[in-house]
Amino acid sequence: METVIRGAAIYFILLIALRLSGRRTVAQMTPFDLVLLLIIAETTQQALLGDDFSIINAALLIIVLFSLDIGLSYIKQWAPRVARIIDGTPTVLISDGKPDLRAFARARVSLDDVLTTARVEQGLEQLTQIKSAVLEADGAVSIIPKD
Amino acid sequence: MGSLEQPTVREDGLQLDEHRRFQERFWTIERLAWCVFALIIVAGLLGAFGSGGPLATKVTVIDKAIVEHPRIGRWEGTDEMIVRFKSDPAAQTRSLFLSNTFSEVFQVEDIQPLPVRTVLEASGQRLFFDNPGHDGGMVTLHLRAQSAGSASFSVGIDGELASLSSFIFP
């Protein structure tokens, strides 16, 4: 019983904490962010397993975590509003070449971030070459160049 | 709208549902959550979640002793209970009574110093410590919480009972 409760509690705590911390952190991952992620994984592992390192405990936990994920994916499919809350929605940062500065500020994305992505992914040199930029729900920035 | 429905095409040509009003609300909630994060950190520093800090420990003064016990603890976490016996010229042996409810909540991992004898009683156990100098002393119990939730228990010093309580976080 304890394993199932631990698994479910940690799953939802992580889901809420990661969602509320903002997705910009996922998109622009620095080496320190990676270290932070490893620390979170280690902390979570201890909270999940406690003192019980048995195979049955690990197996039960894996099944609980996967089942929650599957269950949540169905809920998200049935209720798009829940999906929006859990996964977020895309945010248009540049529309028709015009940057939406409020969206930039609220989503904590800088023009430099967009220009970097434009250079790396599209080989674009200037902001004027960008038609649209979208901060996707997964935290990545996608760039659509002008024709 | 189901997830298999196509998003509408916007004026700028992008086919996506931005849900800007929802996004604005969420950004506000996000920032409020960061304030809550800050409050949680401050509460953690103050000991509101146990494991040290001024709120985590409660000091109870009774006639025979001063008892410091974990007011807020953590399930399977370690804590300390310190009993400071006051000097008593009439007592050569001091006793510490731990009720059964105390034992149900806390596992005593270690006692410093060790009692000279332990007497089992219906409502708990009584530990005896030699104190030939009659000048009191300090007994430290290293505890590990065994169950989560709030718990009330009794601790007795030389026959004087004190009702204490703890909240154990899961």
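Which whole-number percent gives the relative contact order of the range A:25-147, counting Cα pairs below 8 Å spaced six or more residues apart?
Values: 108 pairs, mean separation 29.4, N = 123.
After rounding, I find 24 percent.
Considering the alpha-carbon set of the range A:2-87 alone, what are its Rg and its Dmax in angstrom?
Cα-based Rg and Dmax for the range A:2-87 come out at 14.6, 39 Å.
Treat the count of other C-beta atoms within 10 Å as a stand-in for reagent exposure and order A:Leu61, A:Leu20 from fewest to most.
On the way: A:Leu61 20, A:Leu20 16.
The most exposed by this proxy come first: A:Leu20, A:Leu61.
Would you compute, from DSSP H runs of 4+ residues alone, the mean residue ellipticity of chain B at 222 nm, taking -39500 (n - 2.57) per run and dividing by the full residue count, rounded to the nearest 500?
So the helix-based figure for chain B works out to -6500 deg cm²/dmol.
Which whole-percent values make up P(r) of the protein assembly as shown when all C-alpha to C-alpha distances are grouped in 20 Å steps starting at zero?
24, 39, 24, 12, 2
What nm distance separates the two modelled labels at A:Lys98 and A:Gln126, each placed 7 Å from Cα along Cα→Cβ?
Reported label-point gap for A:Lys98 and A:Gln126 is 2.0 nm.
At q = 0.10, 0.11, 0.15, 0.21 Å⁻¹, work out log10 I(q)/I(0) for chain A with the Debye formula, treating every Cα as an identical point scatterer and leaving solvent out; two decimals please.
For chain A at q = 0.10, 0.11, 0.15, 0.21 Å⁻¹, log10 I(q)/I(0) is -0.49, -0.57, -0.88, -1.23.
If each residue of separation counts as 0.36 nm, what is the full-extension length gain between A:Val4 and A:Arg108 once their alpha-carbon separation is subtracted? Before the final figure, lay out the partial values.
Working: separation 104, 0.36 × 104 = 37.44 nm, distance 3.63 nm.
Answer, rounded to one decimal: 33.8 nm.
Please compute, for peptide B:14-26, the average count of beta-carbon atoms on other protein chains lying within 10 Å of each residue's beta-carbon.
Values: counts 9, 0, 8, 4, 7, 7, 6, 0, 5, 10, 3, 0, 8.
Mean shielding count: 5.
In whole Å, what three semi-axes, largest first, describe the equivalent ellipsoid of the range B:57-169 built from its Cα gyration tensor (square root of 5 times each eigenvalue)? Intermediate values should be presented prior to the final figure.
Numbers: eigenvalues 110, 37, 31 Å².
Semi-axes, largest first: 23, 14, 12 Å.
Arrange the following residues from fewest to most other Cβ atoms within 10 Å of their Cβ: A:Lys146, B:Lys64.
On the way: A:Lys146 11, B:Lys64 22.
Fewest-to-most Cβ neighbours within 10 Å comes out as A:Lys146, B:Lys64.
What FRET efficiency, computed as 1/(1 + (r/R0)^6) with R0 = 25 Å and r the Cβ-Cβ distance, is obtained for B:Arg20 and A:Arg119, rounded to the nearest 0.05? Let's see the in-between values first.
On the way: r = 28 Å, r/R0 = 1.10.
For R0 = 25 Å, the calculated efficiency reads 0.35.
Say a paramagnetic label sat at a point 7 Å from the Cα of A:Asp147, along Cα to Cβ; which residues of the range A:73-117 have their backbone N under 16 Å from it?
A:96-97
Tell me, what is the FRET efficiency for B:Met138 and A:Leu14 to the nearest 0.05, using R0 = 41 angstrom and their Cβ-Cβ distance as r? It would help to have the intermediate numbers written out before the result.
Numbers: r = 42 Å, r/R0 = 1.03.
Computed FRET efficiency for B:Met138 and A:Leu14: 0.45.
Is it possible to state the helix-based mean residue ellipticity at 222 nm for chain A, with each DSSP H run of 4+ residues giving -39500 (n - 2.57), the sum divided by total residues, to the nearest 500 deg cm²/dmol? What is it? Working shown, then result.
Numbers: 7 runs with 88 residues, N = 147.
Value at 222 nm, helices only: -19000 deg cm²/dmol.
Every read-out reported here was derived from the displayed coordinates using simple, explicitly stated rules and does not represent laboratory data. On a predicted model such as this, the values are computed, not experimentally measured, just so you know. Using ideal geometry, Cβ is built from the backbone for each residue, glycine included, and neighbour counts are taken over all protein chains shown.
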